[in-house]
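Scroll down for the structure; my scribbles are underneath it.
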Amino acid sequence: MNRKADWSLFHTRLHQKLRQDNLLPKQANILIAVSGGQDSLCLSKLLLDLQPKWQWNIAIAHCDHNWSTDAGIADHVEKIATKWLVSFYLKQASNLKETEAAARKWRYQALIEIADTHNFNYIVTGHTKSDRAETFLYNLIRGAGADGLSSLSWQRNLTDNIVLVRPILDFTRSETLEFCQQFELPIWVDAVNSNLKYARNRIRQDLIPYLQDNFNPQVENALVQTVKLLRADTQYLEAQATNLSATIIHSDYRQLNRLKLQPIPLALQRRIIRQFLPQVIAKQPNFAQIEAVRNLINAPNKTRTSTLAKGIAAEVSGEWIVFKGMRDEG
Ligand SMILES: Nc1ncnc2c1ncn2[C@@H]1O[C@H](COP(=O)(O)OP(=O)(O)OP(=O)(O)O)[C@@H](O)[C@H]1O
């Protein structure tokens, strides 16, 4: 690959974004997750062209689900990496369930394993503004709260040592396509992406174009603007909830103080309960579980709910909501 390639407007935009937010520091060890599609190819070329300026150590990783629809992709990505003189790492799944959620979970595990083994501190993906808008709609339809709606951030920690970064989160999918065409990048057209059995694909191919045609041609930008507004609000509320939790959660982590919960706003009550419940039920609580506990805040003494999880109950005892049946209860 011609590493001295001229920068386009896309290169300059990304360079400025990275400089402004320090997303990928100079000399960082970066593993690019490449699916073979237009977004991750666009991302790879951009980062490789910017590499001399930033002195990064870059490699490419591909995760092969080993589904029949994936045949040929891994070879295709490997050939591109070889042509670009970039190290290539491959993980292959065996008997992976054919669902989006299972695939995503496995991919992140696989990428972390590669990064751990070869000392990469940064895993980067080609998520775009279009993904952000689609994720927003997907979560909205499923009834997510503000936190779920504002997911897909610029970066988040995957482990203590590995950060996930999404450097092209403000490029739209039409821009990544334009970039790939301009630089003649060999995009792999994944059959799975056009399978309307998957909700995400229906959102991408049916719902967003419908909204663009009938409501707002800039709907992706509008949705992402909402994501940004919600994100700032949720970060503030979450921090407030964490501060208040310290006085509401008993030091034995089995009781919540009702008297202190009563006067605070509903939004914070729900957040405090949501932050607390994973310690009781060992997983993220759903809306019904949070509400079951919240209903105890003003309930008569001895009121009890057993709907939290098998064998786990919460009961009002004076000023406390007491949780019973937890595994390591002494
Ligand atoms: N098979 C793969 N191998 C390596 N990287 C991949 C693979 N599939 C996806 N990725 C990475 O993830 C990015 C997003 O891909 P895609 O939108 O298909 O996944 P997703 O499941 O919606 O993502 P997310 O994990 O956040 O929900 C791609 O741009 C690429 O960087």
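The values are calculated or read from the model by the stated rules, or taken from the named source; none is laboratory data. Quick caveat: nothing in here was measured; it's all calculated off a predicted structure. Note that we place each Cβ from the backbone using ideal geometry, even for glycine, and neighbour counts take in every protein chain shown. The accessibility values were calculated without ligands, DNA or RNA, using every heavy atom of the protein model including side chains. Shrake-Rupley method; radii C 1.70, N 1.55, O 1.52, S 1.80 Å.
Of note:
- Cleavage-rule hits, GluC sites (Glu not before Pro), region 276-330, DSSP coil, Cβ neighbours within 10 Å at most 12: Glu329
- Hull shadow area, averaged, region 1-86 [alpha-carbon convex hull, nm²]: 5.8
- Eligible lysines near Lys91 by straight Cα distance, threshold 18 Å, same-chain separation 8 or greater: Lys79, Lys105
- Relative contact order (percent, whole number), region 59-111, Cα cutoff 8 Å, 6+ residue spacing: 46
- Angle between the chain longest axis and helix 38-54 axis [Cα atoms, degrees, rounded to 10]: 80
- Area accessible to solvent at Phe215, 1.4 Å probe radius, in Å²: 150
- Given charges at Cβ of Lys, Arg, Asp, Glu: region 175-302 dipole, positive-most of Trp188, Ile208, Leu268: Leu268
- Radius, Kirkwood style, for the chain when every pair of distinct Cα atoms is counted (Å): 22.5
- Cα centroid separation - region 160-186 against region 23-66, whole Å: 9
- Placing unit charges on the Cβ atoms only, positive for Lys and Arg and negative for Asp and Glu, gives the chain a dipole magnitude near 740 debye about its Cα centre.
- DSSP-assigned coil residues among trypsin sites (Lys or Arg not before Pro) in region 275-330, each with at most 14 further Cβ atoms within 10 Å: Lys283, Lys302, Lys310, Arg327
- Global form of region 247-325, assessed from the alpha-carbon gyration tensor, a/c cut-off 1.5: rounded
- Summary of the geometry: region 239-288 and region 297-314, compared by the centres of their Cα atoms, lie 15 Å apart.
- Top of Tyr253, Tyr210, Tyr108 by mean-square fluctuation, Gaussian network on the chain, Cα under 10 Å: Tyr253
- Nearest-ten-degree value, helix 266-276 long axis tilted from longest Cα axis of the chain: 80
- Sulfur and carbon atoms: percent of accessible area, region 247-325 [1.4 Å]: 54
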